[in-house]
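Down below is the structure, laid out as structure tokens.
The values are calculated or read from the model by the stated rules, or taken from the named source; none is laboratory data. What you see is a predicted model, and the numbers here were worked out from it, not measured in a lab. Note that each Cβ is placed from the backbone with ideal geometry, even for glycine, and that neighbours are counted across all protein chains shown.
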Amino acid sequence: MLIESDKLREECGVVAIYGHPEASKLAYLSLYALQHRGQESAGIAASDGERVRLHKEMGLVSDIFTADVLASLPGSLAIGHTRYSTTGDSALLNAQPIRVECSKGRLALAHNGNITNAMEIRANLEAQGSIFQTTSDTEVVVHLIARSREETLVAAMADSLRRLEGAFSLVMITPDRIFAARDPRGFRPLVMGRIPGQAAHRADTIVFASETCAFDLVGAIYEREVKPGELIIVGPEGAHSRFYAAQQPQSSCVFEHVYFSRPDSLVFGKAVQETRDEMGRQLAREAPVDADIVVPVPDSGVTAAMGFSHESGIPLQFGLIRNHYVGRTFIEPEQRVRDFGVKLKLNPVRHVLAGKRVVLIDDSIVRGTTSRKIVRMVRDAGAKEVHMRISCPPTVSSCYYGVDTPSKNQLIAANKSVDEIREYICADSLAYLSLEGLRRAAGDGNGVSYCTACYTGKYPTNVVGVDEIQPAMAVGD
Ligand code: SF4
């Protein structure tokens, strides 16, 4: 059987390394730290100053990149990508980086996000004779660069980026340079760091990554975010920044803080661990409950549960244990086991739960099917009451900016009231964090502004061809 997940799924992770004799090894380690952002395929492109070599495969980073594979990727420049497909199917064809040889030279590109006008651009380019090799939205960027009338690669890249709409944090490699760019609204994260040169003759190594947790494993020091609308070029002459587009109201994805990013990362300049803890505290203030224990749905509910416990004074107990080694498919016994998929992943601790009034903390309810099974599991383990608390508002709309969400008709909160959901999941009570509470916890307006479209249906850009088109509006409208 296929083990389905009822979580919104991660998009992709990107890394780039400039100026290290083992660049592809550093890219590999950084990708390893970003594995949570995509588990379908991974790839590294590296340059020795002349050739851009590429290796990509389906599977996990640690399985794909053996010592032999890394030895076949020599050079001091590298970019890497780990993927969960949000557009295009998941075949190896669509794995990244995408490498081409075009009028602007040899280059490879990797992208996190979703280019919302990719279909339109692709149709125009195809009408002009372009032939696409993949079904991925990333390939349109490569074609735009190749066809740009601008003479230099930097100008062609800036020209191409200006034509894109939606979410993109991307890295590109040429034989002697690394490029890193972020869309003008800064939907997806991208950070820059530095590994200090270890000898007088070796300059610092520049590193880019989706999250700062990728820096820790390679000893890089966080320097700053790549700013929305910024293009940074790193080459023999050093690092140079330019803004290829006028700044637009920032719309960074708040769900990075709710669920996607690792708690040990800094994202949009804020520590994820702190924002998640504050979400839990805020939830306890907004939706208090008389109970004996706070139990997180592991792993992503743990930090919010700690915040809830601290704020409410109700002790935290690990009443559910996650099995971390569950693959995507599993052979089920012929005699069907009820809730088999969830039971493979989670197991209740009976002596913790029996006879208790439990506050169960999770980070989201998508379709509601998994929450219903978890509540049943906690009750079957002897809990007297189960009160569900969710550390974000109800998910009522799909994401068009690089996060895999089911269509609106499958989102339980788009179709049922909170009380109807409570009834469906068989909880004694159910409460979500308010939108205001989420914004406060994530520091909205305090150096960062967020997209919250999956909770409001108010998209910060025009999204063409969807069932819930909204006029363009700034976040916060
Ligand atoms: Fe993030 Fe939701 Fe906005 Fe998508 S719609 S970018 S998941 S906040």
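General observations
- Flag if Glu230 is crowded, with 19+ Cβ neighbours inside 10 Å, assigned by TED's automatic domain parsing to the domain that holds Gln35, over 17 Å from Thr138 (Cα atoms) and among the acidic types (Asp, Glu): yes
- Test: residue in segment 401-413 that is outside any loop (DSSP other than H, G, I, E, B), closer than 16 Å to Cys253 by Cα and within 12 Å of the ligand (Cβ to nearest atom): yes
- For segment 36-61, the candidate set comprises residues that are part of a helix (DSSP H, G or I) and at pLDDT below 95; within that set, the residue that is surrounded by the fewest Cβ atoms within 10 Å (Cβ to Cβ) is His36.
- Every residue from segment 247-268 that is in contact with a strand residue (DSSP E or B) (Cβ under 7 Å, 6 or more places away or on another chain), among the aliphatic types (A, V, I, L, M) and within 15 Å of Tyr450 (Cα to Cα): Val254
- Subset tally (residues that are in a helix (DSSP H, G or I), within 18 Å of Glu230 (Cβ to Cβ) and touching a helix residue (DSSP H, G or I) at 6+ places or on another chain (Cβ under 7 Å)) for segment 135-172: 5
- Subset of segment 158-169 [more than 16 Å from the ligand (Cβ to nearest atom), under 24 Å from Phe268 (Cα atoms) and crowded, with 22+ Cβ neighbours inside 10 Å]: Leu161
- Residue within segment 113-124 that is assigned by TED's automatic domain parsing to the domain that holds Ala155, in a strand (DSSP E or B) and of a type outside the set (Val, Ile, Thr) present: yes
- For segment 221-246, a tally of residues being over 21 Å from the mean Cα position of the chain (by Cα) and not basic (Lys, Arg) returns 15.
- Residue among Ala431, Ala414, Ala381 that is of a type in the set (Gly, Ala, Ser), closer than 15 Å to Ile361 by Cα and more than 18 Å from the chain's Cα centre (by Cα): Ala431
- Count - residues of segment 240-281 that are surrounded by fewer than 24 Cβ atoms within 10 Å (Cβ to Cβ), among the polar types (S, T, N, Q) and touching a Phe, Trp or Tyr at 6+ places or on another chain (Cβ under 9 Å): 1
- Meets criteria (in contact (Cβ under 8 Å) with a residue 24 or more places away in the chain and part of a strand (DSSP E or B)) for Gly80: yes
- Total residues in segment 17-29, condition assigned to a helix (DSSP H, G or I) and either out of contact with any strand residue (DSSP E or B) (no Cβ under 8 Å at 6 or more places or on another chain) or closer than 10 Å to Val61 by Cα (or both): 3
- Filtered residues of segment 381-396 (kept if surrounded by fewer than 24 Cβ atoms within 10 Å (Cβ to Cβ) and either among the basic types (Lys, Arg) or within 15 Å of the ligand (Cβ to nearest atom) (or both)): Lys384, Pro393, Pro394, Val396
- Looking only at residues of segment 414-445 that are in contact with a Gly (Cβ under 8 Å, 6 or more places away or on another chain) and part of a helix (DSSP H, G or I), we find that the one that is farthest from Met388 (Cα to Cα) is Arg439.
- For beta carbons closer than 9 Å, sequence separation of 6+ or different chains, a first residue in segment 443-461 that is free of Cβ contacts under 8 Å to residues at least 60 places away in the same chain and farther than 17 Å from Ser407 by Cβ and a second that is β-branched (Val, Ile, Thr) and near the ligand (Cβ under 7 Å from one of its atoms), the qualifying pairs are Lys458/Thr452.
- In segment 233-279, the residues that are among the β-branched types (Val, Ile, Thr) and either within 21 Å of Leu161 (Cα to Cα) or more than 16 Å from the ligand (Cβ to nearest atom) (or both): Ile233, Val234
- Residue ID - farthest from the ligand (Cβ to nearest atom), chosen from residues in segment 364-380 that are part of a loop (DSSP other than H, G, I, E, B) and either touching a Gly at 6+ places or on another chain (Cβ under 8 Å) or among the small types (Gly, Ala, Ser) (or both): Gly368
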